[in-house]
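The values are calculated or read from the model by the stated rules, or taken from the named source; none is laboratory data. Fair warning: this is a prediction, and the values are worked out from it, not measured in the lab. Please note: Cβ atoms are built from the backbone with ideal geometry, for glycine as well, and neighbour counts cover all protein chains shown. To get the accessible areas, we keep the full protein, side chains included, count just its heavy atoms, and leave off ligands, DNA and RNA. Shrake-Rupley method; radii C 1.70, N 1.55, O 1.52, S 1.80 Å.
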Protein chains: 2
Amino acid sequence: MKITFLGTSGSMPTKDRGLPAIAIRKERELLLFDCGEGTQRQILKSDLKIGKLSKVFITHLHGDHVLGIAGLLQTFSLLGRDKPLEIYGPPGISDFLKAIIKTVKFTLTFDVKVSEIEKGLVVEEEDYYVTCTPVDHGVYTLAYALIEKPRPGKFSPEKAEALGVPKGPLWKKLQLGKPITLENGRVIRPEQVVGKPRPGRKIVYSGDTRPCSEMIKFAQGADLLIHDGTFDQNLKEKALEGGHSTVIDAAKIALKAGVKRLAIFHISPRYTEEDVKKLEKEIRDIFPASFISYDFLTIHIPYSS
Amino acid sequence: MKITFLGTSGSMPTKDRGLPAIAIRKERELLLFDCGEGTQRQILKSDLKIGKLSKVFITHLHGDHVLGIAGLLQTFSLLGRDKPLEIYGPPGISDFLKAIIKTVKFTLTFDVKVSEIEKGLVVEEEDYYVTCTPVDHGVYTLAYALIEKPRPGKFSPEKAEALGVPKGPLWKKLQLGKPITLENGRVIRPEQVVGKPRPGRKIVYSGDTRPCSEMIKFAQGADLLIHDGTFDQNLKEKALEGGHSTVIDAAKIALKAGVKRLAIFHISPRYTEEDVKKLEKEIRDIFPASFISYDFLTIHIPYSS
């Protein structure tokens, strides 16, 4: 699983940073979290394959997080896409999309499945699910968590051999969690050769939010927390007023939630890249495993065990 | 007057080319013709001053020509703009903007004056006016012409001196077209020292269109014609089907309209920059004063006399 930060600026783009969009690459699909203006071009400039995009999750209906969807739908239609696209977002997302499709003239060549969600399970697939929870931004805003289901435990060839299970289809069967019977009639149960299920990975994306206790609960133990960090601590009041967090707020949330890694996101366009380096130092004093994301940064999320 | 090509790709962006947007810089204002997704960031990447933008002219309601307006409005509001913004476009532009403002949550800090237009005079200012005419694209599409009013003729200091007009305020008065009376009671009329009014410049932008006779009339004698040239001649049928022109079509229109210079625009994303160079050679065989525009190209338009 790889995360690509496609746009990391807050509210307005800059020369160097596009508007919010984060891609999560899974084996067979590409998921997009938020889709600010210009996202389709950011995808083109990255090494992501736009055709693999299967699901878009929108945190809230502020323009800088959502205006890129329209262009994406048009481009997919021009490319003759026939695979459906799932779009999830807070109440209002459906009206927004209907209004765009009605007033901007293009024909969709594929189904757009729009789901308005408020809290809880968003979508469940074979090996992962996505949940959401409201956070504190002013307009109704969702944080999302992508959580992989536990993987089967580790298979021990040594134990299997010691129990006299011949290498081949019987090993496979045990790996898949099924008991087998040896030629001598002895039954071998999978737990005799396979370890405990290993936890999957958990990626949490805050959307735009003030620091809030809901976020601490929701991000608990995440392998990666991507959190709003719009301002520096001197602009704490401005941050609260606008429904945002400072980078220090984000670091404290990460600490309290016991996450493994923190990526700051949604940096105000006022900061130069030099400022960003200084802010990064400040947050690392509070939460060492943290960084401020930048456009096209791609990181791999390892399994924790 | 300078023209900056902010986005020159057709239908879809590429790594190198953004979606349609052309800026015309006049002394006191910045005019924008079309506003595809990502235009606000293209302006940021150019040397244009976004705050100077006073008028936006939209050719038609296809997403690639219009979707950037929403982000522009949001950014202006975040910057606290109070100066009104004028937006001109074909019928439907008002519904599009209303739908966006209603469903995407942001408050406008300034007046957006939307005018739906179909043909003829669009706006008149002290030193220029803009007219439009429908072209042939499928959906209702406008071409625009920015036409400067004639400038006063050239003042001849030699003639003024020969007539005994002392250098100073009286020269200024004559330059402004007013008669003056000398101390000796002799009246000097401006036409005695000022030449004939000199024509202003004319810039024509086709929007998306099939080659059409209306365009030949409309672009007559323009200093610069910016014309749809989506495809090469081998894709002539595809061009007609989609309501577009080939680069050769554009060159022929330029020839028939007797324009001074042709800029091809709205290049299909299928062409590499190497293809573009080849196409440029082909059109120069038909119309030598032509080029294929690219993003951030800025050209100065000289007076013809």
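Kirkwood's formula applied to the C-alpha pairs of the range A:79-149 gives a hydrodynamic radius of 13.9 angstrom. Helix-only arithmetic for chain A: the sum of -39500 (n - 2.57) across DSSP H runs with n ≥ 4, divided by the residue total, places the mean residue ellipticity at 222 nm at -7500 deg cm²/dmol. Treating each Cα of the protein assembly as shown as an identical point scatterer and summing with the Debye formula, the log10 of I(q)/I(0) at q = 0.06, 0.07, 0.09 Å⁻¹ comes to -0.42, -0.54, -0.79. For GluC sites (Glu not before Pro), the sites in the range A:157-217 that DSSP calls loop and that have at most 11 other Cβ atoms within 10 Å are A:GLU183. Residues of the range B:249-278 falling in the label zone of B:LYS238, defined by backbone nitrogen less than 11 Å from a point 7 Å along Cα to beta-carbon, are B:268-271. Taken about its Cα centre, the range A:201-302 carries a charge dipole of about 440 debye when Lys and Arg each add +1 at the Cβ and Asp and Glu each add -1 at the Cβ. For chain A, what's the relative contact order in percent, using C-alpha pairs closer than 8 Å and at least 6 residues apart? For chain A, the relative contact order is 17 percent.
What's the whole-number percent of alpha carbon pairs in the range B:49-199 lying beyond 23 angstrom? In whole percent, the long-distance tail amounts to 56. Orientation-averaged projection of the range A:164-277 equals 10.8 nm² [convex hull of Cα atoms, one quarter of hull surface area]. Sorted shortest first, the distances from the A:LEU176 label point to those of the same residue in the other copies are 9.4 nm; each point sits 7 Å from Cα along Cα-to-Cβ.
Of the accessible area of the protein assembly as shown, with the probe set at 1.4 angstrom, what percent is carbon plus sulfur? Carbon and sulfur: 53 percent of the exposed surface of the protein assembly as shown. B:LYS2 label point (Cα plus 7 Å toward Cβ) to equivalent points in the other copies: 4.0 nm, shortest first.
In a fully extended conformation the segment linking B:LYS178 and B:LEU297 would gain 38.7 nm over its present Cα-Cα distance, using 0.36 nm per residue.
Stokes-Einstein diffusion for chain B at 4 °C, viscosity 1.567 mPa s, with a Kirkwood radius from C-alpha pairs, works out to 62 µm²/s. Within the range B:88-120, the residues that become at least 20 Å² less accessible when every protein chain is included than when their own chain is isolated (1.4 Å probe; DNA, RNA and ligands ignored) are B:PHE96, B:ALA99, B:ILE100, B:THR103, B:VAL104, B:LYS105. For the range A:22-86, the list of GluC sites (Glu not before Pro) that fall in a loop by DSSP and count at most 16 other C-beta atoms within 10 angstrom reads A:GLU27, A:GLU29.
Available extension along the chain between B:LYS277 and B:GLU116 is 54.2 nm, counting 0.36 nm per residue and deducting the alpha carbon span.
Distances between placed amide hydrogens fall under 5 Å for A:PHE155 paired with A:GLY195, all partners being 5 or more residues away or on another chain. Summed over the residues of the range B:43-187 and divided among them, the accessible surface reaches 48 Å² per residue at a probe radius of 1.4 Å. One equal scatterer on each Cα of the range B:193-238, no solvent, Debye formula: the resulting log10 I(q)/I(0) at q = 0.29, 0.30 Å⁻¹ is -1.09, -1.12. Between copies, A:LYS113 shows label-point distances of 4.9 nm, shortest first, with the point placed 7 angstrom from Cα along Cα to C-beta. Interface between chains A and B: roughly 3100 Å² of accessible area buried, both sides summed (probe 1.4 Å, protein heavy atoms only).
Under the shape rule built on the C-alpha gyration tensor, where the axes satisfy a ≥ b ≥ c, the range A:19-115 is rounded, since a/c falls short of 1.5.
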